[in-house]
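Before any comments, here is the structure.
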Amino acid sequence: MTAKPPISQIGVIYAGLLLNFFSWLGGGFVIYSFVVLWTKQSWPPLEHVAIFFSAFFTVLGTLVTAASIYWFSPTPRKPENYSKFGTAPIVIVFGLIAIYQLCHDGNLPPVMVNGFAILAIAGSLLRLHPRPIED
């Protein structure tokens, strides 16, 4: 029989899952916005929800980042290999494409900008978030 992890470790696991959810959500907003830019067609029900939730999670992520000084590790940990060789290069490529699009068209959809902000916030928090059992 395996021992149950202590409550504090369970909280760390759930916080990590939530931060990963933020990362995927931000990436989803960015991808959706690129599809809208390139096809020139949005899906109105999703657009209405995306505008609200991208702004909500940007503000919430900023609030959690500010509050993280009270419960996350004061020392950032090294980036994971999947971040160095997977996530970061993808975000960099999409970021460069977004900058090109901004310079070409003069604007970007707010959902895309919020998506990039959510990705940045989640990435920062994941580096500060303690790992279960290890820390």
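Of a type in the set (Lys, Arg) and at pLDDT 80 or above: does that describe LYS78? Answer is no for this residue. Selection of first residues in region 46-59 that are closer than 16 Å to SER23 by Cβ and of second residues that are part of a helix (DSSP H, G or I) and of a type in the set (D, E, K, R), restricted to Cβ pairs under 8 Å at least 6 apart or on distinct chains, gives an empty result.
Scanning region 99-131 for residues that are farther than 21 Å from PHE56 by Cβ and in a helix (DSSP H, G or I) turns up ILE99, TYR100, GLN101, LEU102, CYS103, HIS104, ASP105, ARG127, LEU128. Residues in region 117-135 that are surrounded by fewer than 22 Cβ atoms within 10 Å (Cβ to Cβ) and more than 19 Å from TYR70 (Cα to Cα) were compared, and the one that is modelled with the lowest pLDDT is GLU134.
The values are calculated or read from the model by the stated rules, or taken from the named source; none is laboratory data. Just so it is clear, the model here is predicted, and its values are computed rather than measured. Note: ideal-geometry Cβ built from the backbone for every residue, glycine included; neighbour counts use all protein chains shown.
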